[in-house]
Amino acid sequence: GGAKALLATALAIKPIVEVVDGEVAQAGKQRTRSKALKFLVDKVKSYEGEVNDLAVLHAACDDVDEFVAMLQPLYDGEIVIGDIGPVIGTHTGQGTIGVAFSS
């Protein structure tokens, strides 16, 4: 509800969701944006399969290039950068960033 959102904003809590095989689930919460970005990098790093494609999707993020630079050592190919679509963007808002990969 509204109180929960207000508290999360005040504490700078960044919720993290993941989609695996079409199922959306909460993957965690981090207290700052930098911790949330590191969490995403660590998530890719800990993946046990082979990453064939890697993309970063964002909604008007100023730090997208920094995030891509954090991911680059983990992937030999080109990291595709794209915009988050309007359906997801409506729910998440400006500043949202995500990583997608296939194996």
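Only the coordinates and a few stated rules stand behind these numbers; no lab work does. The structure displayed is predicted, hence computed values, not measured ones. Glycine gets a Cβ as well: all are built from the backbone with ideal geometry, and neighbour counts include every protein chain shown.
Data for the structure
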| quantity | calculated |
| --- | --- |
| Around Ser34: net Lys/Arg minus Asp/Glu count, Cβ-Cβ under 12 Å | +3 |
| Extent along principal axes [Cα atoms of the chain; Å; largest to smallest] | 43, 27, 25 |
| Theoretical gain in end-to-end length, Asp83 to Ala100 [0.36 nm per residue, Cα-Cα removed] | 4.9 nm |
| Counting DSSP beta bridges with both ends in the chain, the antiparallel % (nearest 5) | 75 |
| Reachable aspartates and glutamates from Lys29, criterion Cα separation under 17 angstrom, eight or more residues apart if same chain | Glu18, Asp42 |
| Linear extension gain, His91 paired with Asp76, 0.36 nm per residue minus alpha-carbon span | 2.2 nm |
| Ordering of 57-69, 86-98 by burial proxy (mean other Cβ atoms within 10 Å per residue, highest first) | 57-69, 86-98 |
